[in-house]
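Just so it is clear, none of the values below were taken in a lab; they were calculated from the coordinates. Model, not experiment: these values are computed from the prediction. Glycine gets a Cβ as well: all are built from the backbone with ideal geometry, and neighbour counts include every protein chain shown.
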Amino acid sequence: MKIKDTVWQGNFGYWQNLFIHQNILLIGYTAWDGYLSFGRGLVVCNVTTPISPSVDWRTDRILFNRSFVPQAETTANVSVLKMEQDAIAACRVAIATYNPSEAIVVLVSGNNEVDINLLHHLTISPTECYNQVRQRWDEFQPSGL
């Protein structure tokens, strides 16, 4: 029997996949916008909302800052996170080899955790994320802040 992601992640504290799922349009938008401006790189999401087991990913608003780090600046930016050299090397390889129109390299940090993922075989491409966010820009602006 396969356990649902929401149950599995709730039990073991791995929340990053749910965060990515909830924010894929903005992550994809940032990836493609960054690629158009700087070339290959890494999307960085710094989650500012504390993630607790009581977070309801369907309704709770998770605050985060996002940025795009160009490939040439990746090592310096990732090194300050005190990651192992093997992880930094793997990140550099992923950035050097991914297809920007079909995949995203994303770093999610929050709750004193850092997680790097190569997102590929996406149901929505970074270019489509970019187009959708641009068409619906007002929906993605902070309200009441």
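Across the stretch 112-129, computed HN-Hα scalar couplings (Karplus, 6.51 cos²θ - 1.76 cosθ + 1.60, θ = phi - 60°) run 6, 10, 10, 9, 10, 10, 9, 8, 9, 6, 6, 6, 10, 6, x, 5, 5, 4 Hz from first to last residue, x flagging Gly and Pro. Quote the FRET efficiency, to the nearest 0.05, computed for His21 versus Lys82 with a Förster distance R0 of 22 Å and r equal to the Cβ-Cβ distance. FRET efficiency, His21 to Lys82: 0.20.
Rg over Rh for the stretch 99-145 works out to 1.08, both radii taken from alpha-carbon positions and Rh defined as the Kirkwood radius.
Once you've got the GNM for the chain with C-alpha springs shorter than 10 Å, pick whichever of Gly41, Gly110, Gly28 has the biggest mean-square fluctuation. Looking only at Gly41, Gly110, Gly28, the largest GNM fluctuation is found for Gly110. Counted residue by residue at 0.36 nm each, then reduced by the alpha carbon distance between them, the extension gain from Asn99 to Asp115 reaches 3.8 nm.
Considering Cα pairs under 8 angstrom that are at least six residues apart, work out the relative contact order of the stretch 50-145 and quote it in whole percent.
Relative contact order of the stretch 50-145: 19 percent.
Here is the P(r) of the chain: all C-alpha pair distances, binned every 5 Å from 0, give 2, 9, 19, 21, 21, 16, 10, 3, 0, 0 in whole percents. Around the Cα centre of the chain, unit charges on the Cβ atoms of Lys, Arg, Asp and Glu (plus for the first two, minus for the last two) sum to a dipole of about 80 debye. Under a Gaussian network description of the chain, with springs only between Cα atoms under 10 Å, the residue in Asp56, Asp115, Asp33 that fluctuates furthest is Asp56.
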